[in-house]
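Below is one structure, written out as structure tokens, with a few remarks after it.
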Amino acid sequence: MTARCLIAGNWKMNGTLAEALSFADGLTALSNDGSSGVEVALMPPYTLLHSLRSVLADKGVQLGAQNVYTECNGAYTGSISTAMLKDAGCKYVILGHSERRNTIGEGNALIRRKLDAVWAEGLVPILCIGELLEERESNHTNDVLKAQLSILTAADADKPLVVAYEPVWAIGTGKTATPEQVVETHAFVHEVLVDLGADRQVLYGGSVNGSNAQQLLHSAGVDGALVGGASLQAASFMQIIEAAK
Ligand code: PEP
């Protein structure tokens, strides 16, 4: 059964082993059996997947990765495969994060190949989409989101997928979309997904924290959050999980 709400923490390129173990210690009060309808997942750097696997499983927290390569194995120095992520205990894989689209130059074609690789291994992709500030200001948000979702086809309708709407100008900036922008944009994303064959859980991402989570998570069309900075500390991550319940 799909949980009503997913709270996923993206550590990006942050976290030593000592910090990860201290974070895990800080989750003492958390025991997520899913009965509240909230699923929790954490995407630490690859180096911490094995160390966090059992301690997170004990808390009912799913493990995920921040990226993956398209091939199963072979001469791809520095890359990680979906089989390796599955072996490490991952359920989720983030794809198309704006930092990979805009800093590393990943485009729709590569992200589509990664989607296929993730599905082939039985993992669940979290596909990130979002507009730049100039795209919002020039009224191109919907066009951008539609183009980013155009890698999906009706043939994908029965494959597991979570979408994360993350306005790029709200990521790591302390700015969040207004409640009106969130409701309006999530409604549009759900509509496009239905047109493409299946509605999906749509998370909001962009400077979600313990103070704004309650309002964002209970907005129409918001089915959870992808959390960057505030997921690095157990206390703030737990506040967001609590706000989701
Ligand atoms: C993210 O990394 O996807 C993100 C939303 O980061 P932050 O919460 O720090 O804005």
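The values are calculated or read from the model by the stated rules, or taken from the named source; none is laboratory data. All values reported here derive from a predicted model rather than from experimental measurement. Backbone-built Cβ (ideal geometry, glycine too); neighbour counts: all protein chains shown. Just so you know, the surface numbers come from the protein's heavy atoms only, side chains and all, with ligands and any DNA or RNA stripped out. Shrake-Rupley method; radii C 1.70, N 1.55, O 1.52, S 1.80 Å.
Any idea what Rg and Dmax come out to for the stretch 50-104 if you just take the C-alpha atoms, in Å?
For the stretch 50-104, the Cα-based Rg and Dmax read 12.7, 37 Å.
What list of ³J(HN,Hα) couplings, whole Hz, do you get for the stretch 240-245 from phi and the Karplus terms 6.51, -1.76, 1.60, once you set θ to phi - 60° and write x for glycine and proline?
5, 4, 4, 5, 6, 6
Can you tell me what the convex hull of the Cα atoms of the chain projects to on average, as an area in nm²?
Dividing the Cα hull surface by four gives the mean projection, 12.2 nm².
Pull out the extension gain between ARG113 and GLN215, defined as 0.36 nm times the separation in residues minus the alpha carbon to alpha carbon distance; nm, one decimal. Please report the intermediate quantities before stating the final value.
Working: separation 102, 0.36 × 102 = 36.72 nm, distance 3.54 nm.
Answer, rounded to one decimal: 33.2 nm.
5 Å is the cut-off here: which amide hydrogens, built 1.01 Å from N in the peptide plane, fall below it relative to GLY205, excluding neighbours closer than 5 in sequence?
TYR165, GLU166, LEU226
Carbon and sulfur atoms: what percent of the 1.4 Å accessible area of the chain do they account for?
The nonpolar share, carbon plus sulfur, comes to 52 percent.
Before I look further, what does the chain give for accessible area per residue, probe 1.4 Å, in whole square angstrom?
44 Å²
Tell me which residues come under 5 Å, amide H to amide H, from LEU127 once H is placed; ignore anything under 5 positions away on its chain.
LEU95, VAL162, VAL163, ALA164
So if R0 is 45 Å, what FRET efficiency would ASP143 and SER54 give, r being the distance between their Cβ atoms, rounded to the nearest 0.05?
Working: r = 45 Å, r/R0 = 0.99.
For R0 = 45 Å, the calculated efficiency reads 0.50.
Please get the size of the charge dipole for the chain, origin at its Cα centre, with Cβ charges of +1 on Lys and Arg and -1 on Asp and Glu, quoted in debye to the nearest 20.
The calculation lands at about 440 debye.
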